[in-house]
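J.: I'd like to ask you about the structure that follows.
The values are calculated or read from the model by the stated rules, or taken from the named source; none is laboratory data. In this text the structure is predicted, and so the values were computed from the model without any measurement. Every residue, glycine among them, receives a Cβ derived from its backbone with ideal geometry; neighbour counts consider all protein chains shown.
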Amino acid sequence: MLADKTEVEEVYSALEESARLVGAVCVRDKVRPVLDAFGAVLGEDLVVLGVQSGERNAAELDFSFRVPGEIGNPYPYALAKGFVGETGHPVGALLSDVSARVPVQEYYIDAGVVGGFKKLYAHFPQALQPLAALTDIPSMPDAVAENAGLFTRYGLDKVAMVGVNYRANTMNLYFQFAPDNRPEPRAIASMLREMGMPEADEAVLRYVSAAMRANITLGWDSAHIFRVALAPPPSAGFEPAEIPAPMDPHMERFVRQAPFAYEGERVNLIAVKWVPEEQFVEANSYYQLSPMLRKLTRSD
């Protein structure tokens, strides 16, 4: 199924407008190939735009959307289209290995308006996988098994999604918390400390304790945990006072003014992320909502 040119152009225009809000330049030759190749359902499902604080993330706007179902596992398709190359690194086998062993419900793609294609995701929210089952996957980094004890101590034992970053040769585990078993602020502080991340203040800990998932970034070269991310669920509207971590002015402008293509208020998700050197914020604005997210965020 080919992408509808009108829908692709509408999304591209939204990306251009959003890029201007955050001081990024939308590079057509990086963006349109991704939209044209994977955008067959752009007009009817989730499209998320995101920007991160800090100098390391300056002048980039990320965007994510669902891969059309008829593509199936998108890695071979991305390989055939030239978005990734054969490297012999296990990063190239991981998505296919996960797909062969897990009942994946849907796949997502992530790219940047400057850097282009970046990540693929396998999402299986209706078939959460025990961490132990994933450690048996041949191309899974040893870091997953090496950190399994640490993860399970903090309730990180059920995985809802696996992400693969082909640009950085890293991967992400998205751990799902049960609604009645979200971590307390004190537990999050202890977890961050054990994972080698900077200390967070009490207000930030309370904010992220509403998270339903924890996103952990790992690699293949060591047991090192590269990044931890936590965020409350998406919600309609935005009030800066609700976010206890500093937001750059261009990020606040983005979540207040980013275009969106649905009725009601704009839906945002504000995550707090940690790397060993610093804490930073990611602001996401939903250009389009999935049917499930429309139900979860409606304000009636």
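J.: I need a count of the residues in segment 123-145 that are crowded, with 18+ Cβ neighbours inside 10 Å and either modelled with pLDDT under 95 or in contact with a Ser or Thr (Cβ under 6 Å, 6 or more places away or on another chain) (or both).
T.: Counting residues in segment 123-145 that are crowded, with 18+ Cβ neighbours inside 10 Å and either modelled with pLDDT under 95 or in contact with a Ser or Thr (Cβ under 6 Å, 6 or more places away or on another chain) (or both) gives 1.
J.: Filter segment 258-298 for residues that are acidic (Asp, Glu), under 30 Å from residue 196 (Cβ atoms) and over 17 Å from the mean Cα position of the chain (by Cα) and give the result.
T.: If the condition is that a residue be acidic (Asp, Glu), under 30 Å from residue 196 (Cβ atoms) and over 17 Å from the mean Cα position of the chain (by Cα), then 277, 278 are the ones that fit.
J.: Any residue at all in segment 117-127 that's farther than 13 Å from residue 218 by Cβ, in contact (Cβ under 8 Å) with a residue 60 or more places away in the chain and among the hydrophobic types (A, V, I, L, M, F, W, C)?
T.: yes
J.: While we're looking at this one, here's another question. With touching a His at 6+ places or on another chain (Cβ under 7 Å) and either in a helix (DSSP H, G or I) or within 21 Å of residue 231 (Cβ to Cβ) (or both) as the only criterion, which of 171, 197, 191, 161 stands out?
T.: It is 161.
J.: Say whether the condition of being aliphatic (A, V, I, L, M) and closer than 22 Å to residue 192 by Cα is met by at least one residue in segment 133-142.
T.: no
J.: Here's a follow-up. Is it the case that some residue within segment 146-155 is under 17 Å from residue 227 (Cβ atoms), surrounded by fewer than 18 Cβ atoms within 10 Å (Cβ to Cβ) and among the aliphatic types (A, V, I, L, M)?
T.: Within segment 146-155 (the criterion being under 17 Å from residue 227 (Cβ atoms), surrounded by fewer than 18 Cβ atoms within 10 Å (Cβ to Cβ) and among the aliphatic types (A, V, I, L, M)), the answer is yes, since at least one residue qualifies.
J.: Okay, moving on. If a residue has to be in contact with a helix residue (DSSP H, G or I) (Cβ under 6 Å, 6 or more places away or on another chain) and within 16 Å of residue 93 (Cα to Cα) to count, how many in segment 69-83 make the cut?
T.: So the count comes out to 3.
J.: Return yes or no: is residue 85 over 24 Å from residue 262 (Cα atoms) and without any contact (Cβ under 8 Å) to a residue 12 or more places away in the chain?
T.: In short, yes.
J.: Being over 22 Å from residue 99 (Cα atoms), in contact (Cβ under 8 Å) with a residue 24 or more places away in the chain and not hydrophobic (A, V, I, L, M, F, W, C) is the filter here, so list the residues in segment 154-198 that pass it.
T.: 154, 155, 179, 181, 182, 183, 184, 185, 190, 194, 196, 198
J.: Is it true that residue 35 is within 30 Å of residue 220 (Cα to Cα) and touching a Ser or Thr at 6+ places or on another chain (Cβ under 6 Å)?
T.: So residue 35 fails the test.
J.: Which of the residues that make up segment 167-191 are more than 18 Å from residue 146 (Cβ to Cβ) and under 21 Å from the mean Cα position of the chain (by Cα)?
T.: Across segment 167-191, the qualifying residues are 167, 168, 174, 176, 177, 178, 179, 182, 183, 188.
J.: Specify which of the listed residues (180, 201) is at pLDDT below 95, more than 30 Å from residue 86 (Cα to Cα) and either exposed (fewer than 14 other Cβ atoms within 10 Å of the Cβ) or touching a Cys at 6+ places or on another chain (Cβ under 7 Å) (or both).
T.: 180
J.: Among residues belonging to segment 53-70 that are at pLDDT below 95 and of a type in the set (S, T, N, Q), point out the one that is farthest from residue 266 (Cα to Cα).
T.: Per the stated criteria, the residue is 57.
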